[in-house]
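Take a look at the following structure, please.
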Amino acid sequence: MASSETQPRFGQSVKSLLSDKVTSCSGDVIALTRQVLKGSRSQELLSQAARNMVIQEDAILHSEDSLRKMSIITTHLQYHVEHSKNLQDQLKHLMK
Amino acid sequence: MAATGDEAAAMESISKAPVPPTDLTLTLTAEPEHKTDATENQKAKRPSNNNDGGVETAEEATEPAEPDINALCRDMFDKMSVFLQGELTATCEDYKLLENMNKLTSLKYMEMKDISINISRNLQDLNQKYASLQPYLDQINQIEEQVTALEQAAYKLDTYSKKLEPCLPCLEERIMMQHN
């Protein structure tokens with residue numbers, strides 16, 4: 001940000017100096033903002049995080065399916081045990 | 001040539017570091033306006049040559065200030081704020097996307113946690129019921145082993161009886177001769 005050029009030169013008016021100064025300041029602000037965003041690397045890190053999350057989604061869905069199947073199998077096993085208990089009661093009754 | 005006092009003051013204000021406007025609003029003080037009005041009045045005049053003490057001075061011929069400079073400045077800062085907000089909005093949107101994805105994933109994991117809790121509870125009940133059925137299952141195993149042993153003994157007896165069958169007529173003859 002050169003401030004030495006703000007000294008009045010031959011042929012330059014106050015208005016042109018002011019407009020130049022304003023233009024340079026606005027350009028500096030824009031460049032600063034872009035540099036801050038670029039230096040933080042937020043765009044790269046966030047896009048990488050989103051990409052990893054998308055990759056993990058398939059594994060998460062598969063895990064959920066497996067858990068649901070396990071719950072169904074557990075329910076079937078309970079039915080089997082209940083049936084066995086009924087048979088046990090019948091056996092006791094027969095043995096008497 | 002040499003600038004007048006008012007224009008020199010204006011140039012000095014330009015050379016100094018500009019104060020950043022708060023909330024991107026621009027407020028012009030009365031003094032510069034007064035100065036610009038004074039300069040305008042002077043600018044409206046023709047550039048005249050003054051001879052004070054034998055030194056010639058001349059006024060710089062400048063353009064008159066625009067009457068809507070305030071509005072233009074406000075417009076400029078508004079647009080700059082919109083631009084900067086747009087620059088920062090991209091990163092905000094990325095964060096919002098990740099936040100939503102994380103929320104959905106946490107909901108998914110909570111459902112999976114509930115399913116896992118149900119499965120563990122059911123399996124614990126199953127283990128208890130299996131433990132109560134264990135003695136009967138052991139008895140069933142014993143019965144099976146004994147039945148298998150009985151079957152083997154029956155096969156052996158059958159084989160031995162088949163071996164003994166040809167000797168039966170000889171034994172009958174002996175018994176008859178002894179009776180006679």
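Please verify whether B:Leu171 is surrounded by 10 or more Cβ atoms within 10 Å (Cβ to Cβ) and at pLDDT 95 or above, treating the condition exactly as stated.
No: the conditions fail for B:Leu171.
Kindly establish whether B:Tyr160 is hydroxyl-bearing (Ser, Thr, Tyr) and surrounded by 11 or more Cβ atoms within 10 Å (Cβ to Cβ). Reasoning before the result, please.
On the way: hydroxyl-bearing (Ser, Thr, Tyr): yes; surrounded by 11 or more Cβ atoms within 10 Å (Cβ to Cβ): no.
No: the conditions fail for B:Tyr160.
Would you check if B:Leu84 is within 11 Å of chain A (Cβ to nearest Cβ), within 30 Å of A:Asp28 (Cβ to Cβ), surrounded by 14 or more Cβ atoms within 10 Å (Cβ to Cβ) and at pLDDT 90 or above?
Taking the combined requirement at face value, the residue satisfies it.
Related question: Taking A:Val81 as meeting all but one of (1) more than 10 Å from chain B (Cβ to nearest Cβ); (2) without any contact (Cβ under 8 Å) to a residue 24 or more places away in the chain; (3) not aromatic (Phe, Trp, Tyr), write down the number of the exception.
The one condition A:Val81 does not meet is (1).
Right, next: When residues of region B:99-131 are filtered for being among the acidic types (Asp, Glu) and within 9 Å of chain A (Cβ to nearest Cβ), how many remain?
The total comes to 2.
Would you point out which residue out of A:Glu44, A:Glu64, A:Glu82 is in a helix (DSSP H, G or I), closer than 27 Å to B:Phe83 by Cβ and acidic (Asp, Glu)?
A:Glu44
Right, A:Gln12: more than 7 Å from every other protein chain (Cβ to nearest Cβ) and outside any helix (DSSP H, G or I) or not?
On the way: more than 7 Å from every other protein chain (Cβ to nearest Cβ): yes; outside any helix (DSSP H, G or I): yes.
Criteria met by A:Gln12.
Please enumerate the residues belonging to region A:55-88 that are out of contact with any helix residue (DSSP H, G or I) (no Cβ under 8 Å at 6 or more places or on another chain) and among the β-branched types (Val, Ile, Thr).
A:Ile55, A:Ile72, A:Ile73
The values are calculated or read from the model by the stated rules, or taken from the named source; none is laboratory data. Every value quoted in this text rests on a predicted model; they were computed, and no experiment measured them. Cβ coordinates were reconstructed from backbone atoms using ideal geometry, including for glycine residues, and neighbour counts include every protein chain displayed.
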